[in-house]
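Every number in this text was worked out from the coordinates using simple rules, so none of it is lab data. Note that the coordinates shown come from a computational prediction; the quantities given were computed from them, not determined experimentally. No Cβ is skipped: glycine too gets one built from the backbone with ideal geometry, and neighbour counts run over all protein chains shown.
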């Protein structure tokens, strides 16, 4: 009986909870020059396992507290329709999970020769839960 209690105790404490929690998060995407792409982008985590996060229906790779993946586009006032490559780390402070990371995207700018040019854009991402 003593061994069963020890085994059950070990199993209980060795089981890790999902990180981060599923639910709604609000995030800001700020470019390296200080301009915001958006300061209130909402997304939902519907699945959180050891290897994967599902954010807005898109699979992101997860390795411990690091995540990596690509949003096909982010709808904002500036209409960023190019993919957002995300890399970041989850941390837990005061019971709340926060994602801090970087992103890379592109934006189309009109050139003086009546054409368009794609410019790489980089910045930081911060996401916190709304619950």
Note to self: Order 20-29, 65-74, 34-43 from most to least packed using the mean count of other Cβ atoms within 10 Å.
What the structure shows: 20-29, 65-74, 34-43
Check: Which order do peptides 102-110, 90-98 fall in by mean Cβ count within 10 Å, highest first?
Finding: 102-110, 90-98
Margin query: Kirkwood Rh over alpha-carbon pairs of the stretch 18-129, then Stokes-Einstein at 37 °C and 0.692 mPa s: what D in µm² s⁻¹, rounded to an integer?
Written below: 224
Item checked: Computed lengthening from residue 22 to residue 130, 0.36 nm per intervening residue step minus Cα-Cα distance -> 37.8 nm
Check: Arranged by the count of other C-beta atoms within 10 angstrom, fewest first, what order do 85, 117 take?
Finding: 117, 85
